[in-house]
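J.: First the structure, then my questions, so here it is.
The values are calculated or read from the model by the stated rules, or taken from the named source; none is laboratory data. Being a predicted model, the structure only gives us computed values, none of them experimental. When we count neighbours, we look across all protein chains shown, and the Cβ atoms used for this are built from the backbone with ideal geometry, even at glycine.
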Amino acid sequence: MSGGPGNELVDVVDEEGRTVSTVTRREIRARGLPHRCTYIFVFNSRGELFVHLRTQTKDVFPGHWDVAVGGVLAAGESFAEGARREVREELGVDVQLESLFPFRYQDAVTVVHSMVYRGRHDGPFHLQPEEVVRGLFLALDDVLLRAREVPFCPDGLAALREYLAPPPAEPAWQPPGKNISGEK
């Protein structure tokens, strides 16, 4: 990455998440260009989720609480590389990560194609002061209650809701050669 904040190179992606060009992070934000990022849910051994308060200097959702560690991928960086880097930068630790699902989010501020990960760590963390004011572990029910009372990053909450959604029901078993109506 080159230069200072905002000058890092970031890949612009199409509707399928394929790279179509590379621009600065500043241009991504100014033009609302679709790009890649990661979301990492960090749980402790009690199943509580780490949430953190973002600094007022963040370029998106400053001063909001966030349910996920993560961020924008550098140009050419894989989702796995970006996820590991973001955890090291923001929390100051290495965490073994499990890839969960691809996730697309769009609002008036941002369009992202992302990958959601899960990891486990009990801390302590060495929070990156440029990005994180403070953080704590909360039970999932408490996270959702708190999100009704104070500002949370909407993209992280959307990823968490997808994570918590029940899996789709599998179709009922049918004997071979028969369809649901009983016809062959």
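J.: Name the single residue, out of those in segment 124-144 being in a loop (DSSP other than H, G, I, E, B) and touching a residue at least 12 places away in the same chain (Cβ under 8 Å), that is surrounded by the fewest Cβ atoms within 10 Å (Cβ to Cβ).
T.: Filtering segment 124-144 for residues that are in a loop (DSSP other than H, G, I, E, B) and touching a residue at least 12 places away in the same chain (Cβ under 8 Å), the one surrounded by the fewest Cβ atoms within 10 Å (Cβ to Cβ) comes out as Pro129.
J.: Residue by residue through segment 71-89, note down the ones that are under 17 Å from His52 (Cα atoms) and surrounded by fewer than 17 Cβ atoms within 10 Å (Cβ to Cβ).
T.: Arg88, Glu89
J.: Can you tell me which residue within segment 107-123, out of those that are within 16 Å of Val12 (Cα to Cα) and either among the aliphatic types (A, V, I, L, M) or at pLDDT 95 or above (or both), is surrounded by the most Cβ atoms within 10 Å (Cβ to Cβ)?
T.: That would be Ser114.
J.: Of everything in segment 24-53 that's among the β-branched types (Val, Ile, Thr) and in contact with a His (Cβ under 9 Å, 6 or more places away or on another chain), which residue is modelled with the highest pLDDT?
T.: Selected residue: Val42.
J.: Still on this model: Taking into account only those residues within segment 90-101 that are touching a strand residue (DSSP E or B) at 6+ places or on another chain (Cβ under 8 Å) and either charged (D, E, K, R) or closer than 20 Å to Gly32 by Cα (or both), which is surrounded by the fewest Cβ atoms within 10 Å (Cβ to Cβ)?
T.: The residue in question is Glu98.
J.: Keeping to segment 22-51, report how many residues are within 15 Å of His121 (Cβ to Cβ), of a type outside the set (Phe, Trp, Tyr) and surrounded by fewer than 22 Cβ atoms within 10 Å (Cβ to Cβ).
T.: Count: 6.
J.: Could you grab me the full set of residues in segment 39-60 that are among the basic types (Lys, Arg) and part of a strand (DSSP E or B)?
T.: The answer is Arg54, and nothing else.
J.: From the list Arg161, Arg148, Arg88, Arg120, which one is among the basic types (Lys, Arg) and within 13 Å of the chain's Cα centre (by Cα)?
T.: Exactly one of Arg161, Arg148, Arg88, Arg120 is among the basic types (Lys, Arg) and within 13 Å of the chain's Cα centre (by Cα), namely Arg161.
J.: Would you check if there is a residue in segment 71-80 being assigned to a loop (DSSP other than H, G, I, E, B), under 16 Å from Leu127 (Cα atoms) and at pLDDT 95 or above?
T.: no
J.: Can you pull out every residue in segment 54-70 that is surrounded by fewer than 18 Cβ atoms within 10 Å (Cβ to Cβ), at pLDDT 95 or above and in contact with a Gly (Cβ under 8 Å, 6 or more places away or on another chain)?
T.: Thr55, Gln56
J.: Taking segment 94-120, which residues are among the β-branched types (Val, Ile, Thr) and assigned to a strand (DSSP E or B)?
T.: Val111, Val112, Val116
J.: Answer with yes or no whether Val109 is of a type outside the set (Ser, Thr, Tyr) and more than 29 Å from Val23 (Cβ to Cβ).
T.: The answer is no for Val109.
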